[in-house]
Ligand code: 9MR
């Protein structure tokens, strides 16, 4: 990545100079290749980088001292988002008095590991100190612009993408803006003003609008879409839209998730999956993670994915075990699914079922109008009694026959999760296969075969 101008505060300048020096020494020794090549990240981060994307996690400064937390973060992720440390109440709890220490710890850790940093978040109605809510319009406008300016100056050159405005729209069918001190006193224009201020402070950072319940097409995402379209038409600086993607049984992965990401990308912005977590366990959770990763990979402007935490035990929804590592830092089936969907492979061996089986796709026949595919399922170093493999068949292709396996289809009719019919039990190293016939309906795209999960 090209070096950017150092930030304004003396503390950041000192550290910045040090890291530039280190990079220079390593480059002189031939260790670091040319600027612009992928930086060293972890297993998920490396697999994503090979696909031109980042894969990150939300982190909390007060867990960085826990050895397995830090080692899992370092080994796996290529980007971090401070979970709470860059929110207004953390940085400027009283007017004009800034405390960057916890956020700096995260940024320093990330940069020491060659990771990107997402800034979260500059203007949000929540975790907002009381003094801000109490201001009248003119003062509030000044305070908002000063907050953006001070924070972005401090981290100038160090943040890949900023969530400039977070969650400014209401849930439900109204498509209206959410009531907040900013909305109520400054009107709709506060969002535009925040983005214009942000661009002027750090032109090198991507500027995102970030929200939840906008993951599929609905009244709320339509309202955000209209705003982004308007911004692009009028030249208001916006580079990206963040889709938080907090999923559970009440709010499952929408069947039009990929289509929704694509329609935003088609407006000329990047899209990012910013706070991904999916409550559940086992192969069902793994299959949902596969769907999300495949959706991002299918949208060329989907530039990265962040999961909202490293381990289930520190998740904001820990009871729902929504992340990729359990409370003991074991890899869950969802981890293997994500890594496989990213095209990576796992050394295996450290629990959670990863590596218990593999799935390999071959096209066995093709003709004008269709093809046959075959997936070979192979048990790992232990015997298994059942397996499950998600296969995404790109629309408008349709599966017309399937043998030696039983499919369960997602609501959108594009992902079939195949389970065994008679052939679930496999000895260590043994394999079986299932096959299917696809009517191509004009599309020659290959199906995407996700990770095999076993039990
Ligand atoms: O994960 C965060 C949790 O630790 C905080 O207590 C909570 C307070 O609002 O914020 C959580 O993160 C939120 C994020 O900043 C914005 N989108 C929703 C996230 C989950 O609530």
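Derivation of every value follows stated rules applied to the coordinates shown; laboratory data play no part. In this text the structure is predicted, and so the values were computed from the model without any measurement. Please note: Cβ atoms are built from the backbone with ideal geometry, for glycine as well, and neighbour counts cover all protein chains shown.
Okay, here's what the table says:
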read-out: Rounded to 5, the percent of DSSP beta bridges in the chain classed as antiparallel; value: 55
read-out: Rel. contact order, % - alpha carbon contacts under 8 angstrom, at least six apart, the chain; value: 12
read-out: Estimated FRET transfer efficiency (residue 419, residue 176; beta-carbon r; R0 35 Å; 0.05); value: 0.20
read-out: log10 of Debye I(q)/I(0), alpha-carbon scatterers only, for the chain at 0.06, 0.07 Å⁻¹; value: -0.28, -0.38
read-out: Mean shadow area of region 62-154, taken as a quarter of the surface of its Cα convex hull (nm²); value: 6.1
read-out: Packing rank of 328-334, 166-172, 92-98, where each peptide gets the mean count of other beta carbons within 10 Å, highest leading; value: 328-334, 166-172, 92-98
read-out: Within the chain, helix-based [θ] at 222 nm, where runs of 4 or more DSSP H residues each add -39,500 (n - 2.57), nearest 500; value: -9500 deg cm²/dmol
read-out: Shape call, region 272-391: gyration tensor on alpha carbons, a/c limit 1.5; value: oblate
read-out: Ordering of 295-303, 404-412 by burial proxy (mean other Cβ atoms within 10 Å per residue, highest first); value: 295-303, 404-412
read-out: Cα gyration tensor category, rounded, prolate or oblate, for region 400-455 with a/c compared to 1.5; value: prolate
read-out: Region 299-455 shape via C-alpha gyration tensor axes, a/c threshold 1.5; value: oblate
read-out: Label point distance in nm, residue 444-residue 259, each placed 7 Å from Cα along Cα→Cβ; value: 2.6
